[in-house]
Amino acid sequence: MPATRLFACLAAALVVVASAVPAGAAPQILALLATGGAVPLVCRNGVCTGEFSSFCLQRKRHDPAPGTQYRAAGGAVTLVVTDADGNVRRMQAGDHLSIETRRSYTAVRIGVAEALLNEWNAVSLALDIGERVTLVPAPEAIDPEPQTEADIALALGPQRALGDRILESSPVETGAVTLTSRMIGGLPPGRTDARTRETLWSRVVEPSAASFPPESVLRASSVYRRCLAKVERGSFYSLRHCLEIGHDALMIELNVKYWQAGPES
C-alpha cells in the first residue's frame, strides 16, 4: 500500500476513534505478535526490557499514549532464564512483567526487574511471546468508559481470531515487521557508531533470514538501507529512530487490513 494511502486510512480511522469515545476513556485493547522464539532483554538502570510489535483490536477506542500501562491476557508469555553454566530455564512470566506502550498501539516495551538476575543466578533473560497474547489496559480509578468484561471477552475471542487470520494471510508484511523489530532491538537508544549501524543487518537479520519469505527480507532490507542512508546524510539522528518509523508504517499497514476486514469495533 502506498504511504499516502496508508496514512490516509490511518487518519480516517483516528477520526472515527475521536468521535466515538469520551475523553479519558480506556484506550484500545492490543494484540501482541508472536515472536517465534526468545527475544533477548537488555538490562540497564535496574530493568531488563525489550520492544515487541503490537496492533489495535478496537478501532473505535482511543489509541494509547506512550507509557500507557497494560497487562497480558490470553496466550503465553514465557521468561527464558540462562545461568552462568549455560543452563536454560523456561517459566511463565506471570506477574514479573511490566508492560507499557512505546509509540501508540504499534509497539510496547516489556520489562522485568534486573534484580531477578541475582535472584535466579542468571546471566541473561529473554521473552518468548506465544500465539494469541492480548494486552488489556490497566484500569483507571476514574474512567468514563472502562473496558467491560464483555469488551475484553470480545477482544480475546472473535477480534483476536480475526487479527490472527489477517496475520496468517499476510506473511510478507508480518515477516517484515518481525525483522524490523529485531533490528530495533539490536540497537541501543540514541545514536550509534558507523560500524554498529553498518553491521546491524549481518548481526541481527542474516542468521535467521532463510526462515522468512524472501519478500519479507526484501522489505525489511529496504527499510534498513533507506534508514542507513538517511542517517549517513544527517537527515536522521539515529538509525533506531528511523527504523521505528519504518516498523510502525508496516504495522499500520497490517492494522488497516484488520480494520477493513472486520466490523466496527
So if I check each of 72, 126, which one is touching a residue at least 12 places away in the same chain (Cβ under 8 Å) and in contact with a Pro (Cβ under 6 Å, 6 or more places away or on another chain)? 126
Quick check on my filter: what residues within region 220-246 are hydrophobic (A, V, I, L, M, F, W, C) and in contact (Cβ under 8 Å) with a residue 60 or more places away in the chain? 243
Which of (1) open to solvent by 30 Å² or more (accessible area, probe 1.4 Å); (2) out of contact with any Gly (no Cβ under 8 Å at 6 or more places or on another chain) is the odd one out, the single condition residue 185 does not satisfy? (2)
Only one of 101, 106, 134, 68 is under 18 Å from the mean Cα position of the chain (by Cα) and either over 29 Å from residue 260 (Cβ atoms) or open to solvent by 20 Å² or more (accessible area, probe 1.4 Å) (or both); which? 68
Residue that is nearest to residue 155 (Cα to Cα) [pool: residues in region 213-264 that are open to solvent by less than 30 Å² (accessible area, probe 1.4 Å) and among the acidic types (Asp, Glu)]: 253
Return a yes/no flag: does region 109-119 have any residue that is surrounded by fewer than 19 Cβ atoms within 10 Å (Cβ to Cβ) and either on the phi > 0 side of the Ramachandran plot or of a type in the set (Lys, Arg) (or both). yes
Which of the helices (runs of 4 or more DSSP H) contained wholly in region 143-208 include at least 3 residues that are not hydrophobic (A, V, I, L, M, F, W, C)? 160-168, 171-185, 194-198
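The values are calculated or read from the model by the stated rules, or taken from the named source; none is laboratory data. Owing to the predicted nature of the structure, the values given are computational and were not obtained by experimental measurement. Positions of Cβ are backbone-derived with ideal geometry, glycine not excepted, and every protein chain shown enters the neighbour counts. Just the protein is used for accessible areas: all its heavy atoms, side chains included, with ligands, DNA and RNA removed. Shrake-Rupley method; radii C 1.70, N 1.55, O 1.52, S 1.80 Å.
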